[in-house]
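The numbers here are math on the coordinates, done by the rules we state, and not lab data. Quick caveat: nothing in here was measured; it's all calculated off a predicted structure. Neighbour counts run over all protein chains shown; Cβ positions are idealised from the backbone, glycine included.
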């Protein structure tokens, strides 16, 4: 059996077997971040946004993996994946987000940070939604050479992602993403639904008013015809 055949028989699990025990706040922030980024890159055929997916970075070694909360990869085709394998994709994730907690803080600020830098992840953002231990609770790093350099906050506490074209900051204890070129905030899923409902309600109101106006016009025409007939 040649080496290629051996590599083909190696199993790369789709789950790491670790329990997912986080608060509603963590789950909601992670889910909203995923959906906002997916919506932003919905029309980019060469941008993939994933979450809680096992990423394998050494072929033939299933233990060489990590599972980021949310990540964005540019230069790879969009589409469903069960795992993310560096040797198939030909590159690492471009940007990674970790929604951290006291349980995961050592891993997120230690092992993962050094691993992501060594693998060539361009930008790394870490967010403590409960403000439990990080000061400031939202931090970002950009890869310079082989090490991460901390991003400096602007006057409002925002961080700029050059790769995503987003300015990100905490607003009312939630992470807000702003399109840097247009100055428009990305809507969260519930906000998107509310806006859609408002648009539909406005459209329905316009339709109702138009039908009422048409009915009134028809009534007036009928009345005029009767007057002429008399």
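Given the Cα-Cα distance of residue 146 and residue 78 and 0.36 nm per residue of separation, how much length would full extension add, in nm?
Numbers: separation 68, 0.36 × 68 = 24.48 nm, distance 2.80 nm.
Result: 21.7 nm gained on full extension.
Residues of region 22-51 with backbone nitrogen within less than 19 Å of a virtual label 7 Å along the Cα-to-Cβ line of residue 107, please, listed as ranges. Zone members listed by number: 22-31, 34, 50-51. Distance between the 7 Å Cα→Cβ label points at residue 132 and residue 172: 2.4 nm. As a proxy for reagent exposure, ranking 159, 187 by other Cβ atoms within 10 Å from fewest up yields 187, 159. Note that region 115-160, at 20 °C in a medium of 1.002 mPa s, gets a Stokes-Einstein diffusion coefficient of 189 µm²/s from its Kirkwood radius over C-alpha pairs.
Please give the calculated 222 nm ellipticity per residue for the chain, where each DSSP H segment of at least 4 residues contributes -39500 (n - 2.57) and the sum is spread over every residue; nearest 500 deg cm²/dmol? Please list the in-between numbers first.
Details: 5 runs with 77 residues, N = 230.
After summing the helix terms and dividing by the residues of the chain, the value is -11000 deg cm²/dmol.
Relative contact order, whole percent, for the chain stands at 13, derived from Cα pairs under 8 Å and 6 or more residues apart.
When the alpha-carbon atoms of the chain are used, the pair Rg, Dmax equals 25.4, 102 angstrom. Against the main long axis of the alpha-carbon atoms of the chain, helix 24-40 sits at an angle near 70°. Computed from Cα positions, the angle between helix 189-229 and the longest principal axis of the chain comes to roughly 10 degrees.
Model label sites at residue 218 and residue 153, defined 7 Å from Cα along the beta-carbon direction, differ in position by 6.2 nm.
Residue separation of residue 114 and residue 10 scaled by 0.36 nm, minus their Cα-Cα distance, works out to 34.8 nm of gained length.
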